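Report on the structure given below.
The values are calculated or read from the model by the stated rules, or taken from the named source; none is laboratory data. Just so it is clear, the structure is predicted and the values come from calculations on it, not from any experiment. All Cβ positions, glycine included, derive from the backbone under ideal geometry; neighbour counts span all protein chains shown.
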Amino acid sequence: MSALRFDQVAIKLGGRTILSAADFAVEDGEFVGVLGANGAGKTTLMRASLGLVPLAAGAIAVLGAPATRGHARVGYMPQNRGPIAGLRLTGYDMVASGVKGAHWGLPRLDAAERREIDWALDMVDARKIAGRSLNEISGGERQRLLLSQALIGRPKLLLLDEPLISLDPAHQKNVVDTVKRLSEELKIAVLFSAHEINPLLSAIDRVLYLGAGKAVLGAVDEVIAGPTLSRLYGAEIEVLRVGGRIFVMSGDVEMERDSHRHEHGDAHGHDHQDHAHADESRA
Amino acid sequence: MFDYDFMRAAFMASGIVAVLAGLVGFFLVLRGQTFAGHALSHVGFTGATGAVLFGLPPLAGLVGFTVIAGLAMGALGERLSQRDVAIGMMLSLALGLGLLFLHFYTSYAAQAAALLFGNVLGVDDEALAALAILAALSLAALGFIARPLIFASLQPELAEARGVDLRLVSTVFLMIVAIAVSECAQIVGVLLVFTLMVGPAAAALAFTRRLHAAIALAALLALAEAWGGLTLAYYSDWPTSFWITALSGLVYFASLVSARRSA
């Protein structure tokens with residue numbers, strides 16, 4: 001049984017084809033980096049796996065069953081993190097809101113549910129952070145709380161949409177290492193989307209690359225290579241490897257770096273020292 | 001002051017309304033939808049003037065019109081970028097209609113003032129019973145949707161993925177807001193609905209970091225401000241609505257100072 005299987009999936013949104021004949025399978029406990037230019041469909045692919053996007057063709061199986069909304073064993077960390085950066089409430093209450101959050105009635109927690117929250121917080125070492133206000137902690141700390149919220153319900157598949165966005169390199173490494181540890185300790189399959197392959201290189205088992213409506217899943221060396229990427233981008237792509245890092249070039253433009261800039265606007269540049277501020281600018 | 005029937009009725013009415021307004025207002029503030037609440041109150045003004053024009057009780061017009069407007073707002077969805085413009089247009093359209101109704105019913109000036117600025121001392125037994133029943137129904141509905149409402153307010157996209165019907169929750173919530181706004185308008189008037197719905201909730205969120213404590217505190221503060229306002233009005237002979245707004249403002253600004261100190 002695969003954690004996530006796409007079977008000849010096609011997705012159209014607003015008349016535009018996002019994916020066509022996507023066919024791949026992510027195995028149990030596998031850590032997969034999801035890459036591709038802006039608009040290539042990374043977020044759509046995750047939302048489709050959650051049953052939130054209608055398919056034009058094909059089928060998606062999650063942990064052996066058809067993808068549906070509210071699957072108890074799928075954890076999700078959306079790219080849009082909602083209004084929490086501006087709230088004075090504690091992180092604990094934010095994480096707790098996700099426990100049986102789709103059930104009707106008053107939000108009461110029993111002892112077992114409180115233990116579950118403590119477990120999820122401990123898994124990402126966020127017990128102390130959870131006692132502080134959401135608007136007083138850093139972007140990286142909020143990220144850890146959201147990651148622990150995604151662990152509620154003990155998922156077997158984690159869909160993480162751009163967890164590295166607006167984090168500086170040290171915090172990026174911290175998030176990648178944490179997710180890697182969770183994946184191994186808890187045997188969770190992870191889809192981790194990012195703008196750049198390099199922060200993920202040490203952690204991922206395989207890479208899923210999206211481009212021109214196609215999806216290719218494979219080892220980093222096979223997928224992040226001139227011929228494959230040229231096909232996905234529909235343009236001549238050159239892949240350079242320098243000192244253990246990978247640079248994807250189209251002519252003299254570095255593709256991933258360029259797309260990253262585009263997302264934030266040029267004013268923010270590539271490195272974000274002030275992540276709290278960068279978070280707000282995205283909200 | 002409790003020797004007078006109208007004072008006892010006023011205390012009971014404002015107590016019921018304050019608790020409802022405080023609780024509902026908390027979620028309005030949490031979700032950043034205070035402007036929607038403000039717009040609903042103006043829609044209520046049109047409903048009330050229209051009802052009087054056709055010989056119906058103002059509260060019926062208030063509740064009927066605002067609930068329909070709440071339903072419409074929820075059905076239109078939450079496209080953030082367009083929300084303020086759409087609500088603003090609805091607000092001015094509603095006020096314009098209300099003006100037209102007033103134009104056709106010119107002897108209505110005194111009642112118009114009561115609608116705009118409230119008239120808690122004019123609450124009779126029948127109105128009190130209506131307020132109590134509507135408040136009980138609203139609170140029951142709010143309790144029923146509380147869990148998904150909190151989840152959807154804090155993490156909308158995750159809530160959707162976990163199976164929360166965002167549009168349903170948002171629509172039911174806006175209908176509850178509509179009833180709370182209508183009740184509030186009876187006490188402080190449509191123009192001052194903010195003072196009981198937004199003031200106590202915003203202050204509560206600044207006084208405490210804990211969700212459950214903030215919800216309870218919002219209701220308590222609204223109650224204290226409403227009863228405090230009535231008491232001050234009784235002894236000073238100044239308007240009740242003025243005193244409630246004064247207390248609400250005072251508590252809100254005190255909460256900002258307290259939040260800054262503890263930060």
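Where the second residue is of a type in the set (S, T, Y) and crowded, with 22+ Cβ neighbours inside 10 Å and the first is more than 15 Å from B:A152 (Cβ to Cβ) and lies in the range B:28-43, which pairs have Cβ atoms under 9 Å and are six or more apart or on separate chains?
Every condition considered, the pairs that remain are B:L40/B:T66; B:L40/B:S182; B:S41/B:T66; B:S41/B:S182; B:V43/B:T66.
When you go through A:G58, A:G82, A:G75, A:G39 one by one, which is the residue that is among the small types (G, A, S), under 19 Å from A:L208 (Cα atoms) and free of Cβ contacts under 8 Å to residues at least 12 places away in the same chain?
Among A:G58, A:G82, A:G75, A:G39, only A:G39 is among the small types (G, A, S), under 19 Å from A:L208 (Cα atoms) and free of Cβ contacts under 8 Å to residues at least 12 places away in the same chain.
Go through the range A:137-180 and count every residue that is on the phi > 0 side of the Ramachandran plot and either within 11 Å of chain B (Cβ to nearest Cβ) or β-branched (V, I, T) (or both).
1
Taking the range A:168-198 on its own, how many of its residues are part of a loop (DSSP other than H, G, I, E, B) and under 17 Å from A:L35 (Cβ atoms)?
Final tally of qualifying residues: 4.
In the range B:154-187, what residues are at the interface with chain A (Cβ under 8 Å from one of its Cβ atoms) and not acidic (D, E)?
Matches in the range B:154-187: B:L154, B:Q155, B:P156, B:L158, B:A159, B:A161, B:R162, B:G163, B:V164.
So how many residues does the range A:73-99 have that are touching a Gly at 6+ places or on another chain (Cβ under 8 Å), facing chain B (nearest Cβ under 8 Å) and under 28 Å from A:S193 (Cβ atoms)?
Going through the range A:73-99 one residue at a time, the tally reaches 1.
Return the residue satisfying two criteria in turn: it lies in the range A:100-136 and is surrounded by 22 or more Cβ atoms within 10 Å (Cβ to Cβ) and touching a residue at least 40 places away in the same chain (Cβ under 8 Å), and of such residues it is nearest to the other protein chains (Cβ to nearest Cβ).
Only one residue fits best here, namely A:L134.
Regarding A:G15, is this residue crowded, with 21+ Cβ neighbours inside 10 Å and within 26 Å of A:A235 (Cα to Cα)?
Criteria not met by A:G15.
Just one of (1) more than 14 Å from A:V220 (Cα to Cα); (2) assigned to a helix (DSSP H, G or I) trips up A:P163, so point out which.
(2)
Just to be sure before I move on: is B:T231 within 16 Å of B:V120 (Cα to Cα), of a type in the set (S, T, N, Q) and modelled with pLDDT under 95 in the structure I sent?
When the stated conditions are applied, B:T231 does not pass them.
Looking at the range B:13-43 only, could you name the residues that are among the β-branched types (V, I, T) and within 14 Å of chain A (Cβ to nearest Cβ)?
Residues satisfying the conditions are B:V29, B:T34.
Between a first residue in the range A:167-188 that is more than 16 Å from A:D122 (Cβ to Cβ) and a second residue that is among the β-branched types (V, I, T) and part of a helix (DSSP H, G or I), which pairs have beta carbons less than 8 Å apart while being 6 or more apart in sequence or on different chains?
Between residues of the range A:167-188 that are more than 16 Å from A:D122 (Cβ to Cβ) and residues that are among the β-branched types (V, I, T) and part of a helix (DSSP H, G or I), the close pairs are A:L167/A:V175.
If B:A213 satisfies all but one of (1) under 19 Å from the mean Cα position of the chain (by Cα); (2) surrounded by fewer than 21 Cβ atoms within 10 Å (Cβ to Cβ), what's the number of the condition it fails?
(1)
When you check B:G98 against the structure, is it away from chain A (no Cβ under 14 Å) and not aliphatic (A, V, I, L, M), yes or no?
The answer is yes for B:G98.
Which residues, counting only those in the range A:68-80, are surrounded by 23 or more Cβ atoms within 10 Å (Cβ to Cβ) and not β-branched (V, I, T)?
Of everything in the range A:68-80, those that are surrounded by 23 or more Cβ atoms within 10 Å (Cβ to Cβ) and not β-branched (V, I, T) turn out to be A:H71, A:G75, A:Y76, A:M77, A:P78.
Among what's in the range B:225-259 and is of a type in the set (A, V, I, L, M), touching a residue at least 40 places away in the same chain (Cβ under 8 Å) and out of contact with any Gly (no Cβ under 8 Å at 6 or more places or on another chain), pick the residue that is surrounded by the most Cβ atoms within 10 Å (Cβ to Cβ).
If we take residues in the range B:225-259 being of a type in the set (A, V, I, L, M), touching a residue at least 40 places away in the same chain (Cβ under 8 Å) and out of contact with any Gly (no Cβ under 8 Å at 6 or more places or on another chain), then B:L230 is surrounded by the most Cβ atoms within 10 Å (Cβ to Cβ).
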